[in-house]
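As structure tokens, the structure follows; a few thoughts come after it.
The values are calculated or read from the model by the stated rules, or taken from the named source; none is laboratory data. Given the structure is predicted, the values throughout are model-derived calculations rather than measurements. Surface accessibility is based on the protein's heavy atoms, side chains included, excluding ligands, DNA and RNA. Shrake-Rupley method; radii C 1.70, N 1.55, O 1.52, S 1.80 Å.
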Amino acid sequence: MEKSGIIGKLDVFIKKYYKNQIIRGSLYSIIILLSFFIFLSVIEYYGYFPKLIRTIIFYGFILISILQIYFKILITLLKYNKLGKRITYTQASQIIGEFFPEVSDKLINLLQLQNLSNLEDTELLEASIKQRTQELSPIPFVKAIDFSKNKKYLKWAVIPILSILLILIIYPELISEPTNRYINYTKHFSPPSPFEFVLVNKSLDLLEKDDIEIKVKTIGKTIPNDVDIVINKNKFHMKKIKKNEFSFIIKHVQNETDFYFASSKLKSREYKLNLRPKPIIIDLKAKITYPSYTNLSEEIFTNISNFSIPKGSKIEWVGITKDTRKVVFEFLDKKQEIIPDKRGGIKLSRKLLKDIDYRIYTQNQFHLSSDSLEFKINIIPDLKPQIAVLEQRDSIIGDRIFFRGQIKDDYGFTKLCFKV
């Protein structure tokens, strides 16, 4: 009975010993891991480490955490549950002896006597064990483990816990942003710029071969003195038009173009000019059918310009378009819209009796052409034939009269009648 009583008290002590080790190991882990976490968060928040460094830190922190928890908590927890190699009763006696110096030798001696009793059984040995047991039974071995001594570690553990709580309340970005960058260690993160580029243009759509003025402004704590625009890897200096606004004209754009803005080492995201097909007339001819009284043959003008035609002539415009949905002939008296055929062909005819001014412009789904072709056609009226007659009497024969004259008409005449 006495033997099992002392051993039982030692088992209770050993269990409390490992329980104390678990508490202390947990506090150590909190102090080390949370302090290390705060340190890594602060240096990453300001440092913006490259991907390789963040990868090493991320897996390094996970490895340290696993090792710390494994050696300081998990192994001790297994020993607490009597799994794995635990301290011996002799080692436990030495620890108890540090707290109760007067029992150290007696307890170790009792354990030695008990070991001997397993080998030989004598009355003297039994008496010695009984005496030692009676002397040691009143002593509370478990008091050798004082949980209150962990308060000094608890103080240090509270500091990083409170620090993280305060940071999350006052300035959460100091924790959230570095944590996000560590977790996404394969992504590239750039430090925030002192300013950002804001494109002023509402649209980057334009027609082929048109010019476009690109405007950008900077917003932020600082304002750059110079801004460049990089177009297809070629850098151009932008004109400063306001304190924080810059401009550059890209002329005669023929292809879709990528560009971005740059100042010092900072650059904007890439933008793209969206080139739209321009509605154009490739070829335009005017076929003139003259009125019959002119006796003129049909004529075709390949170079449309201002010209004059006889009154009553019929003019037919024939042309070829490209990327055009509609061609508009705008006369003073009316407007006529022509839809090109599948090949882009257009045709319009009109009989003209008076002078006209007109213009032609094109339209497609992207743009109503601002460029128009303006023309003037002068109408030549059909004037009456003109006759000039001079009468002259014969000086010898008085009743003989001579007529001399001239007849004229723009388009000729067929006969002349003379009546007396």
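Below is a table of values for the structure above.
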item	result
Amide H partners (placed H, <5 Å) of Ile214, local residues excluded	Phe248, Ile249, Ile250
Solvent-accessible area of Val318 with every protein chain in place, 1.4 Å probe, in Å² to the nearest 10	60
Per residue value of the accessible surface for the range 238-297 (all protein chains in place, 1.4 Å probe), Å²	62
Average Cα contact separation per residue, the range 152-263, under 8 Å, 6 or more apart, as relative contact order %	22
In Å², nearest 10: area of Val200 left accessible to a 1.4 Å probe	60
Asp283 long-range amide H proximity, modeled H, under 5 Å	Ile320
For Thr289, solvent-accessible area (1.4 Å; no DNA, RNA or ligand), Å²	60
Contour excess over end-to-end distance, with Cα ends at His252 and Phe71 and 0.36 nm allotted per residue	57.9 nm
Mean Cα-pair separation over length for the range 241-385, i.e. relative contact order, pairs under 8 Å, 6 or more apart, %	21
³J(HN,Hα) computed for each position of the range 51-57 - Karplus, 6.51 cos²θ - 1.76 cosθ + 1.60, integer Hz, glycine/proline x	4, 4, 5, 5, 5, 4, 5
Mean accessible surface per residue for the range 302-420, computed with a 1.4 Å probe while every protein chain stays in place, in Å²	74
C-alpha center-to-center spacing [the range 16-30, the range 141-188] in angstrom	16
Cross-link partners of Lys272 among lysines (Cα-Cα below 19 Å; sequence separation of 8 or more within a chain)	Lys202, Lys209, Lys215, Lys217, Lys233, Lys235, Lys251
Vicinal HN-Hα couplings computed from phi for the range 16-26 (Karplus, 6.51 cos²θ - 1.76 cosθ + 1.60; Hz; Gly/Pro x)	5, 4, 6, 4, 5, 5, 5, 4, 5, x, 5
Amide proton proximity set for Glu208, modelled H, under 5 Å, gap of 5+	Arg276, Lys278
Candidate residues Arg181, Arg276, Arg325, Arg343: accessible-area rank, largest first, probe 1.4 Å	Arg343, Arg325, Arg276, Arg181
In sequence order, calculated HN-Hα J values of the range 241-258 (Karplus, 6.51, -1.76, 1.60; Hz; x Gly/Pro)	10, 9, 4, 10, 10, 10, 9, 8, 9, 9, 9, 6, 6, 10, 9, 4, 10, 9
Leu284, Leu74, reordered so the largest accessible area comes first (probe 1.4 Å)	Leu74, Leu284
Eligible lysines near Lys187 by straight Cα distance, threshold 16 Å, same-chain separation 8 or greater	Lys51
